[in-house]
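A quick write-up on the structure given underneath.
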Amino acid sequence: TVGLASEIGTAIAGAFAVGAVVSFFKESVKSATESEDAIRSFNFALKAAGVYSQEVSQNFQDYAQHLQDVTGVQDEAILSGAQTLMQIGNLSGQMLNNTLVAALDLAAARGIDAGSAFDIMARAANGNITYFTKLGVNIREGATDLEKYNAAMKFLAPFAGAAQGKMQGFSGAVKQLS
């Protein structure tokens, strides 16, 4: 009976181990699929803007990975945000990069999710700064969309580095491990 109990215990432990491996495999496939979908959608936005090349795409993917490393925001979310800023905000180049970082800082400073921050910044790029006027940003009547966008960016200047700051300390170290 001791031998039988040992064999049952070994079988149960083996079943748990197989379950863990299967679960890990499923999660890995899901993560790879999400990453591939984010890249495909981002590349579509690059093509729609007429600036797609494999090099441009890869450089931006590397930039998204860097932002993930320093902010903890998943690179898929960053690519999706960049897509929103390109397609809705009509941003590109350095303005896109600056707005992307500003949105991440906005999310960290105001405690909102990155997707919402990207949407807010895409609207600001089109002159809709309702979110910012509710926070006290004043803009003169008849201001251009660019002036409104610049007012939003100026408002966010004191929050620069907020997203990176969330990765400091114990909670940031734990987040980097996951």
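I'd like the GluC sites (Glu not before Pro) in the range 72-178 restricted to DSSP loop residues with at most 15 other Cβ atoms within 10 Å, sorted by number.
E141
Within the range 132-172, which trypsin sites (Lys or Arg not before Pro) sit in a loop by DSSP and count at most 11 neighbouring Cβ atoms inside 10 Å?
Values: sites: K134, R140, K148, K154, K166; in loops: R140, K166.
Counting only loop positions with at most 11 other Cβ atoms within 10 Å, the trypsin sites (Lys or Arg not before Pro) in the range 132-172 are R140.
Quick note: the coordinates plus some simple rules give every number you see, no bench work behind them. Since this is a predicted model, take the numbers as computed values, not measurements. All Cβ positions, glycine included, derive from the backbone under ideal geometry; neighbour counts span all protein chains shown.
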